[in-house]
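None of the figures in this text is laboratory data; all of them are computed from the coordinates on show. Keep in mind that this is a model prediction, so the values were computed, not measured. Here the Cβ positions follow ideal geometry from the backbone for every residue, glycine too, while neighbour counts run over all protein chains shown.
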Ligand code: UDP
Ligand code: MG
C-alpha cells in the first residue's frame, strides 16, 4: 500500500458532529471500498466542543489512511476546508460536509466526471430537503443576486461539495485571501468544470451550524469579494440623489426669491433630511464592507492555526516531527503571498 501518495483525498470539516460521526465513518468506509484507488480521509476539526475530537483521535489510531487536523479554535467552515486542502496530497481532492447532506456515494459520480477530463466537478443541489422555506427563499435570492453581480461564473445551488483536481488545488493554495468564499474562488479559476446533480437530504442529526447571521455574513462576503457592483451602485445612486437634492435646493431658493410663502414646508424638509441621511449611512456601510475586507487582508495573518495533527505520520518518509512541522507551517506560508 502506497500511503505516501493517495490518489484521492477526502476533506471533511467537523464542527460539533459527534452524533453523526459513527454513521459518517461507516458510509465513508463503504465508499472507500468502491473507489478504484488509494484514498486518504482528512477530518478538519474546526474547534468542536463536543466529543468529536476524542472520537476521531481514537478511531484514527487504529485506521491507516484516516487523518485529523485540529484547528486551535473555530475558524469557520470556509477556512476549515482550506486547511484540509492544504494538507491533502491526492490527485483529486473531494470536499464534503460531515452531516451526510452531501451523500458520500455521490463521490463516485464526481470521480467519474473527473476521469472524463473535468478539473472541477461540483455537486449541484436539485432539492433541499429539511430546510426551512426561509432558507430556501433566501438561498435562491442570494444565488440569483450573486450571478447578476459577480463577473465570474459561480454556479447556482452549489455548495462546497466538490471534487478538485491537483492543478486547481495548487492554484487554490496560492490564493491568500482571508475573506474566503470557496465556491466563488473555484468559479474564478476557470478550467473545465462540470456539475453532478443530486438530491440533498436533510441533516440526519444535530443542528445546522449556519445560523441566520452566519449565513448572512457568508452571503455578504461572497458578494463583497467577487463584485464591485455595490460600490458602483453607491456611487451612482449617491450622484443621482445629490442631483435631485441640488434641484430641490434651487427650487427652494427660487421660491424664496419670489416670496411664494414656503415656510409651510417643514414636513418636506424633515422627509428629505431623513432620506438623505439614511442613504448616506447606507452608502458608508457599503464602503465600510470593502474597507473591512481590505483591513482583514493587510494584517496578513495566517489563515488558521493548527493545534495538533493525528495520522499524518509516515515512517517511510520524513520523521513524524518533520512532517507535522511542514504542515503546520502551511498556514503561515500563506502570509508570504
Ligand atoms: N462547519 C465547520 N465550521 C463551522 C460551521 C460548520 O467546520 O463553523 C462544518 C460542519 O461540521 C459541516 C459543514 O461545515 O460538516 C457544513 O455545516 P452545516 O451542515 O451546519 O451547514 P448547512 O448544511 O446547514 O449549510
Ligand atoms: Mg449541513
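Summary of values
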| quantity | calculated |
| --- | --- |
| Value of Rg to Rh for the stretch 1-119 (Rh from inverse mean 1/r over Cα pairs, i.e. Kirkwood) | 0.94 |
| Crossing angle, helix 77-87 versus the chain [Cα axis fit, 0-90 degrees, rounded to tens] | 40 |
| Angle in degrees between helix 21-34 and the longest Cα principal axis of the chain, rounded to the nearest 10 | 60 |
| DSSP-defined antiparallel bridges as percent of all bridges, the chain, nearest 5 | 35 |
| Full-extension gain in nm, residue 271 to residue 213, via 0.36 nm per residue minus C-alpha separation | 17.8 nm |
| FRET efficiency for residue 61 and residue 33, using Cβ-Cβ distance with R0 set to 25 Å, rounded to 0.05 | 0.75 |
| Cα gyration tensor shape of the stretch 186-231, rounded if a/c is under 1.5, else prolate or oblate by comparing a/b with b/c | oblate |
| Ellipticity estimate at 222 nm from DSSP helix runs (n ≥ 4, -39,500 (n - 2.57)) divided over the chain, nearest 500 | -16500 deg cm²/dmol |
| Measure of compaction for the chain (Cα Rg per 2.2 N^0.38 Å) | 1.24 |
| The stretch 196-304: C-alpha gyration tensor shape, a/c 1.5 cut-off, then a/b vs b/c | prolate |
| Tilt relative to the chain, helix 52-61 - C-alpha long axis, 0 to 90 degrees, to 10 | 30 |
| Separation in nanometres of the label points that stand 7 Å from Cα toward Cβ, at residue 250 and residue 202 | 6.2 |
| Förster radius 45 Å - calculated FRET efficiency between residue 116 and residue 287, Cβ distance, rounded to 0.05 | 0.50 |
| Distance-filtered residues of the stretch 124-141 - backbone nitrogen under 12 Å, label point 7 angstrom along residue 156 Cα→Cβ | 125-126, 140-141 |
